[in-house]
Structure formats: C-alpha cells, structure tokens
Amino acid sequence: GRYIAKKTVPAGTALTDTNYWFVYGASSGAILDLQNRMTTAEGNITGLQSAAAVLGDDDLYARLHGKKIIALGDSLTEGSGSAAGKTWVEKIATKYGATCYNEGHSGYSIAGPEANSLWSIIDSVLAAHDDCDIFVISGGANDKNKGCPPGSAKSSAGNTTSGALKVIIDKVRTKYGKDCRILCMTTYHRYNDYNSIGYCEYDYVQAVMSSAAYYGIPCFNNYDNSGMILTDDIGNSNSWIDVGYVDGGVRNYHFSEYDD
C-alpha cells in the first residue's frame, strides 16, 4: 500500500499509527473488505445456481416424491360424478410420485356434533393412518349449507366451524408430531346466498383462515385466489368445468376432471 502523512510525523512513528498516516491504494482496508464481500457474493451466486440445476424447473417433484399425504375434506376433495377419485388429491399422486389418501366425504361439514362432519370422523381417520408427512384439511361449504355457526378462533367449540377446525388440528398435531406439515384450504366461490342464520359463504372462508392463522398454519384461500368460480355459466374462463355439464346433466357446483 501507499502512505501519505496527515501532518508532521515524529521520527520512528509506525505506519500503523493512523493519527499520522493515511493508507491508500489496492491494499487499503476498505478496498480489501469490498473485495472480500464480492468474493462471498460470487460464492453465494454459484451455490444458488448449483441448487437450481439440481432442482430443475419443477422442485415440487423433489419435495413431494415419496411423501404420504392425507386430504380431509368434503365432496370438493372426494370428487363428484365422473370426477370421483380424480380430484387434486389423485392428480398430485400421479404427477409428483406421492402417496395420497383421499378422506373426502360428500356433504360433510367441518363442525359437529352430527355424524356427517370432519369433527366426528377425525379420530377414525387418524387411527387408520400410522404416519403422515402432509395433512391437508379443507371445507366450509357444508357448514354454510347446514347453518353451522362460523365461530371464533378463540374458541374450541366443536359445533362451530372455527372451533371444530382447531380440535382437528390439535389431534393431527398430537398424532403425527412436528414432522407432519399441516395445511388448510378454504372452500371455493360457489354460492352468493345467505344461510338460515344469516351467514354467507365468505364467512366460512374467513372462519377456516382464522383458525389456521391461530396456529400459524398455511391456508390457501380458494375463494379469492384459485381463479375457479362455480357461480358462472359454462362459458367462463375456469380451467375446470362443472361436472354436471361434463356428464351431460345440469349444474351441480362441483369441478370435473376436465383440465386444459
């Protein structure tokens, strides 16, 4: 490096004494620090490029291949008509090499205490599966249709959508532990009316989202973000068409296997 005196320098003053000397040039501390930072950044970029090359264009396959997925839900999970057994659960298994168990039940609400509810069958579902990597819970449409109260995420009342979902999440966590990832999904936009106790479909979307948020669990809002709406006529831009039309019948507000 090169040194320049800031002021008169007493004889024998070391070059490291910055009170008298100023260092500049290629070996200055600031430039060396910058060079080190650039080297580190280049290394990080190289590492990211290597990771991207390993994952390829579709890292979902790497993440889901060989995983066991349980999907608990209503008829939108189970499938209706010719789409039964061909919903997103089965499509994930086919595309990503996962093992998916479809625990969808037509007409089931999340809330109990009636038998036709996810709240009432969760114990038997968990008893049937010793292990699980990803547990997906979806629903809410039948809670609205049956007139179940949406409830509050602060309560665990099983007769409300929010409370029953909290009970289900607690039981899944207890059964499979921290290594099982729990995910939630709301219902889709299917109806615009209000039920007998004055709630609309979106109230149940919010009930599912609030209970998931209470536990810090990811929840996909199908109502707002899926891009699929069943209140439209057949000429809409949805990628899945109502299975009633596909089967040559009338609208039944369920997605078909059709996917272009």
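Evaluating Pro113 against the criteria (1) open to solvent by 50 Å² or more (accessible area, probe 1.4 Å); (2) within 23 Å of the chain's Cα centre (by Cα) leaves one unmet condition, (2). Among the residues of this structure, Val208 counts as one that is modelled with pLDDT of 95 or more, open to solvent by less than 40 Å² (accessible area, probe 1.4 Å) and touching a Cys at 6+ places or on another chain (Cβ under 7 Å). When Tyr101 is tested against (1) at pLDDT 95 or above; (2) open to solvent by less than 10 Å² (accessible area, probe 1.4 Å), only condition (2) is not met. Kindly indicate whether Ser27 is part of a loop (DSSP other than H, G, I, E, B), at pLDDT below 70 and not β-branched (Val, Ile, Thr). Answer is yes for this residue.
Checking each residue in the range 79-89 for being open to solvent by 50 Å² or more (accessible area, probe 1.4 Å) and not in a loop (DSSP other than H, G, I, E, B) picks out Gly81, Ser82. Taking first residues from the range 1-16 that are loosely packed, with under 10 Cβ neighbours inside 10 Å and partners that are at pLDDT 70 or above, the Cβ contacts under 9 Å between residues at least 6 apart in sequence or on separate chains come to Lys7/Asn19. Go through the residues of the range 122-140 one by one and say whether even a single one is assigned to a helix (DSSP H, G or I), open to solvent by 10 Å² or more (accessible area, probe 1.4 Å) and under 23 Å from Asn221 (Cα atoms). Within the range 122-140, none of the residues are assigned to a helix (DSSP H, G or I), open to solvent by 10 Å² or more (accessible area, probe 1.4 Å) and under 23 Å from Asn221 (Cα atoms).
Is there a residue being in contact (Cβ under 8 Å) with a residue 24 or more places away in the chain, on the phi > 0 side of the Ramachandran plot and surrounded by fewer than 17 Cβ atoms within 10 Å (Cβ to Cβ) anywhere in the range 167-177? Within the range 167-177 (the criterion being in contact (Cβ under 8 Å) with a residue 24 or more places away in the chain, on the phi > 0 side of the Ramachandran plot and surrounded by fewer than 17 Cβ atoms within 10 Å (Cβ to Cβ)), the answer is no, since none of the residues qualifies.
For Gly43, the conditions (1) in a helix (DSSP H, G or I); (2) open to solvent by 70 Å² or more (accessible area, probe 1.4 Å); (3) modelled with pLDDT under 90 all hold with the exception of (2).
State whether the residues of the range 189-197 include one that is out of contact with any helix residue (DSSP H, G or I) (no Cβ under 7 Å at 6 or more places or on another chain) and open to solvent by less than 30 Å² (accessible area, probe 1.4 Å). No: zero hits. Scan the range 181-203 and give yes if some residue there is of a type in the set (Asp, Glu) and assigned to a loop (DSSP other than H, G, I, E, B), otherwise no. Yes, there is a match, as at least one residue in the range 181-203 is of a type in the set (Asp, Glu) and assigned to a loop (DSSP other than H, G, I, E, B). Of all residues in the range 96-121, those being in contact (Cβ under 8 Å) with a residue 12 or more places away in the chain and in a helix (DSSP H, G or I) number 4. A single member of Lys175, Lys171 is in contact with a Cys (Cβ under 9 Å, 6 or more places away or on another chain) and in a helix (DSSP H, G or I), and it is Lys175.
The values are calculated or read from the model by the stated rules, or taken from the named source; none is laboratory data. Given the structure is predicted, the values throughout are model-derived calculations rather than measurements. Every residue, glycine as well, gets a Cβ built from its backbone with ideal geometry; the counts of neighbours run over all protein chains shown. For accessibility, only protein heavy atoms count, side chains too; no ligands or nucleic acids. Shrake-Rupley method; radii C 1.70, N 1.55, O 1.52, S 1.80 Å.
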